Ligand code: SF4
């Protein structure tokens with residue numbers, strides 16, 4: 001379970017150069033990453049303890065198809081126990097694979113605010129924060145200061161009504177909680193966010209209603225499936241057409257051969 005295609009609707013793959021985390025706010029209460037580590041103990045011998053996986057750093061270079069990659073679905077990249085040098089290595093891999101889009105999501109806005117100015121942000125690195133209720137909208141202020149090309153919010157699990165300042169925000173994802181202990185999302189909360197994105201001209205993605213299983217409630221909000229993506233995603237897809245991708249990957253393979261023969 002080191003990396004894989006995923007059922008998460010707003011991305012294509014997950015990449016976990018770290019796993020493990022600890023809880024910081026009410027949205028973490030029934031963390032699915034923690035549940036997975038408890039269920040698949042052979043795959044996670046360290047349990048939910050923050051663990052680095054340097055052997056996974058190069059994985060995205062082997063994925064040929066331009067993809068949206070959710071970085072650290074099993075952790076939080078801005079966790080305090082992720083060494084800054086390791087974070088820089090992850091950012092270097094993202095810069096070296098411009099045919100992918102990387103989607104980073106954190107709840108640790110203070111670490112993000114401190115470290116983001118020291119990192120090199122390429123166009124293919126998108127940054128988001130989770131906002132589950134009004135108390136945590138201050139995370140958006142930290143996000144606004146990050147020089148990522150796309151800044152996004154994940155309002156999942158949505159636990160309350162939100163009044164959002166969407167200045168400088170490109171994309172909002174909304175979803176209800178799933179699992180045995182799921183906390184029900186009031187449809188009005190989702191609708192309010194949809195209306196705010198319409199007013200602010202921001203892309204809106206409705207991921208799921210939630211329930212005992214993530215798919216059980218479906219994805220329709222007011223008779224419509226909201227799958228909007230930031231406009232730059234479509235530009236990215238157009239740009240990385242097969243010919244360009246092949247050229248870039250050939251040059252990567254050549255670099256690999258050179259570095260192997262130099263050893
Ligand atoms: S920050 Fe994310 S990965 Fe970490 S405990 Fe909370 S929900 Fe789980």
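Looking at segment 164-179, which of the residues that are without any contact (Cβ under 8 Å) to a residue 60 or more places away in the chain and part of a loop (DSSP other than H, G, I, E, B) is nearest to residue 9 (Cα to Cα)?
176
Only one residue in 81, 55 is modelled with pLDDT of 95 or more and assigned to a loop (DSSP other than H, G, I, E, B). Which one?
On inspection, the qualifying residue turns out to be 81.
Do we have residue 98 as farther than 21 Å from residue 168 by Cβ, at pLDDT below 95, more than 13 Å from the ligand (Cβ to nearest atom) and surrounded by 13 or more Cβ atoms within 10 Å (Cβ to Cβ) here?
No, not satisfied.
Please count how many residues of segment 44-64 are over 20 Å from residue 81 (Cα atoms) and surrounded by 12 or more Cβ atoms within 10 Å (Cβ to Cβ).
Summing the residues that are over 20 Å from residue 81 (Cα atoms) and surrounded by 12 or more Cβ atoms within 10 Å (Cβ to Cβ) in segment 44-64 gives 5.
Tell me which of these residue 161 doesn't satisfy, since it passes every other one: (1) outside any strand (DSSP E or B); (2) out of contact with any helix residue (DSSP H, G or I) (no Cβ under 6 Å at 6 or more places or on another chain); (3) closer than 23 Å to residue 198 by Cα; (4) away from the ligand (no atom under 16 Å from the Cβ).
All conditions pass for residue 161, except number (2).
The values are calculated or read from the model by the stated rules, or taken from the named source; none is laboratory data. Quantities reported herein were computed from a predicted structural model and do not represent experimental measurements. As a convention, Cβ positions derive from the backbone with ideal geometry for all residues, glycine included, and neighbour counts pool all protein chains shown.
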